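Remarks on the structure that follows.
No value in this document is a laboratory result; all are computed from the given coordinates. These figures come from a predicted structure and were not determined experimentally. Cβ coordinates were reconstructed from backbone atoms using ideal geometry, including for glycine residues, and neighbour counts include every protein chain displayed.
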Amino acid sequence: MKGDLMVDNLIWIRGEIIRQSQATVNVLSPMAQFGLNVFEGIRCYWNQDKGELHAFRLKEHLDRLMLSSRLVRLPSPYTPEQIEFFMKTAIQANDFQTDTAVRMTLFGDGQGTWNTCEPVSMFIAPMAKSRTRLDKVPALRACISSWERINDNALPPRAKVGANYINGRYAHLQARHDGYDLPIFLGQDGKVAEGAGACLFMVRNGHLVTPPTTSSVLESITRDTLMVLAREAGLTVVERPVDRTELYLADEVFLCGSAAEISPIVSVDGYALGNSLPGPITVSLLKAYLAIASGENLDHPEWRTVVHSRS
Ligand SMILES: Cc1ncc(COP(=O)(O)O)c(C=O)c1O
């Protein structure tokens, strides 16, 4: 068995703290059968000096969870305030004093089908997860996927629904099969959308460019963070439709997300970008992002919530 499968953290589920291996879900639940769930992945960064664990942009993640739940008509039995409390309870039960990722999921429980609206249950599962190492920044080779991104009139990417990720699965596995690290999706309109689980930026002529939130993308919180940080650093940020060939000619391209943080891409469909190394703007945004998220940089205190501290 792989090491990561043997981790058996304490999770919060249906009002209880139990080992994740002890949590059960009906095999005939809409979640188990059809991927009917809405979820968030939230990163928490351990600040060694302060002895505190900071959840990054928790409020925005909770707000998006509520929007996803409204869109897919899977009503949340809990308020954002209650969920924040449950999340702290789960993290503290594990006494995580390290970088942590939290998966929180509202799901179609009981025995139902894809159009069932209740019962809805929730689990909150924290797990240790390190931040990107600045001395080991990834350099990824991407391809433009022949799989099209789901769109707003079929399976809205704006809602973070479990079943949406099967679209990412097709593209990701095809990209890996074809010898690339990851795919970049085009939307139904032929314009660049996003990665399989992360949004996209490119640098052209010194400007940061990203597809708008109407280009079949998740309304990414990291995307929003980076637009703020880039503007504060004096960069021009433009939201506009992006052609695939612009990626081939870009100086830099990177993906971003709570899980991905900032993932530099050094080639697209074999076109080398810049000097085939993570670009300078990408790396400076990664550094700025991690400093803010961990609280090493004290700017934007409204983005950090203390969820645990050294006992
Ligand atoms: C499809 C997709 N796009 C974009 C993102 C990035 O979103 P965020 O920055 O809010 O984590 C994610 C990650 O959650 C994702 O799954």
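Could you work out the local net charge near Gln82, counting Lys and Arg as +1, Asp and Glu as -1, over the other residues with Cβ closer than 15 Å to its Cβ? Kindly include the intermediate steps, with their values, before the conclusion.
Details: positive: Arg14, Lys59, Lys88; negative: Glu16, Glu40, Asp63, Glu81, Glu84.
Result for the neighbourhood of Gln82: -2.
Can you spot the lysines whose alpha carbon is less than 21 Å from Lys88's alpha carbon? Ignore those fewer than 8 places along the same chain. Hits, sequence-local ones excluded: Lys50, Lys59, Lys129. Projecting the Cα atoms of Val161, Ile184, Thr282 onto the charge dipole of segment 140-294, computed from C-beta unit charges around the Cα centre, puts Val161 farthest toward the positive end.
Segment Asp189..Ser21, full-extension length gain: 56.1 nm, with 0.36 nm per residue of separation and the alpha-carbon distance subtracted.
The modelled label-to-label distance between Glu118 and Phe85, using points 7 Å beyond Cα along the C-beta direction, is 2.1 nm.
So what is the 222 nm mean residue ellipticity for the chain from helices alone, if each DSSP H run of at least 4 adds -39500 (n - 2.57) and you divide by all residues, rounding to the nearest 500 deg cm²/dmol? Walk me through the numbers on the way to the answer.
Working: 7 runs with 80 residues, N = 311.
So the calculated ellipticity at 222 nm is -8000 deg cm²/dmol.
Here, P(r) means the percent of Cα pairs in each 5 Å bin from 0 to the largest distance; for segment 140-294 it is 2, 10, 21, 24, 22, 14, 7, 1, 0.
Could you state the per residue volume, in Å³, of the convex hull enclosing the Cα atoms of segment 60-203?
It is 158 Å³ per residue.
Take 111-124, 90-103 and order them by the average number of nearby Cβ atoms within 10 Å per residue, most first; the result is 90-103, 111-124.
Rg and Dmax of segment 240-284, both derived from C-alpha coordinates alone, stand at 10.6, 27 Å.
Using a simple spin-label model with pseudo-atoms 7 Å out from Cα toward Cβ, Tyr248 and Ser311 lie 5.9 nm apart.
Residue by residue, segment 129-145 carries 3J(HN,Hα) couplings of 7, 6, 6, 4, 7, 5, 8, 8, 5, x, 9, 10, 9, 10, 10, 7, 6 Hz when phi is fed to the Karplus relation 6.51 cos²θ - 1.76 cosθ + 1.60 (θ = phi - 60°); x denotes Gly or Pro.
Quick check: convex hull over the Cα atoms of segment 71-117, volume per residue in Å³, rounded to an integer?
On the way: hull volume 5.1 nm³, N = 47.
Spelled out: Cα convex hull of segment 71-117, divided by residues, is 109 Å³.
The ellipsoid equivalent to the alpha-carbon distribution of segment 29-118 has semi-axes of 29, 13, 10 angstrom, derived from the gyration tensor eigenvalues as √(5λ) and listed largest first. With the simple spin-label model, which puts each label point 7 Å out from Cα in the Cβ direction, the Lys129 to Gln33 separation comes to 3.0 nm. In terms of the mean number of neighbouring beta-carbon atoms within 10 Å, the peptides 285-293, 41-49, 237-245, 166-174 order highest first as 285-293, 41-49, 166-174, 237-245.
Axis angle, to the nearest 10 degrees, between helix 165-177 and the longest C-alpha principal axis of the chain: 50 degrees. Relative to the longest principal axis of the Cα atoms of the chain, the long axis of helix 58-71 lies at roughly 80 degrees.
Note on Asp299 and His177: with the Förster distance fixed at 51 Å, the Cβ-Cβ geometry gives a FRET efficiency of about 0.75.
For the chain, count all C-alpha to C-alpha pairs, find those more than 23 Å apart, and express that count as a whole percent of the total. Numbers along the way, then the final one.
Details: 28096 of 48205 pairs.
Of all Cα-Cα distances in the chain, 58 percent exceed 23 Å.
With R₀ set to 22 Å, the beta-carbon distance separating Ala139 from Arg204 gives a calculated FRET efficiency near 0.70.
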